[in-house]
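Scroll down for the structure; my scribbles are underneath it.
Values in this text are rule-based calculations from the coordinates and carry no lab data. The model shown is predicted, which means the values in this text are computed figures rather than measured ones.
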Amino acid sequence: MKNPGAWNKLADLARRAPAEPEADLALSFVTRVAARGLALRRERPDLLGFFALRALGVALAVMVVAAAVSYPLAGKASTTADEEDPVADLVAQL
């Protein structure tokens, strides 16, 4: 800080300043704001959004199950061309 004395001087002046009384809001303003808040119409829930969230949940569950089922097959390395079909291995595990 270049001049700490100026800060101290301003801080002292701020401490000595008289406190301003709180300004009250007009009763009509408060009533108008409360009426507008209570008069807001509640929108009906979006049916498409409701089903979209359900579909997202089902899709995530299917993805997790598919990953869990295919994880053991992903670790196997194909060493020969004569190995069985991976789909047959998956069906056999079920």
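At 0.36 nm per residue, minus the direct Cα-Cα distance, what do V87 and V64 gain on full extension? Give it in nm, one decimal, please. Roughly 6.5 nm would be gained on extension. Compared with the dominant Cα axis of the chain, that is its longest principal axis, helix 47-75 is turned about 50°. Rounded, prolate or oblate: which fits the chain when a ≥ b ≥ c are the square roots of the eigenvalues of the alpha-carbon gyration tensor, with rounded for a/c under 1.5 and prolate only if a/b beats b/c? Oblate.
Relative to the longest principal axis of the Cα atoms of the chain, the long axis of helix 27-39 makes an angle of roughly 10 degrees.
With respect to the chain, whose longest principal axis is taken over its alpha-carbon atoms, helix 4-16 is tilted by about 70°. If each DSSP helix of 4+ residues adds -39,500 (n - 2.57) and the sum is divided by the residues in the chain, what number results at 222 nm, nearest 500 deg cm²/dmol? Computed mean residue ellipticity for the chain: -22000 deg cm²/dmol.
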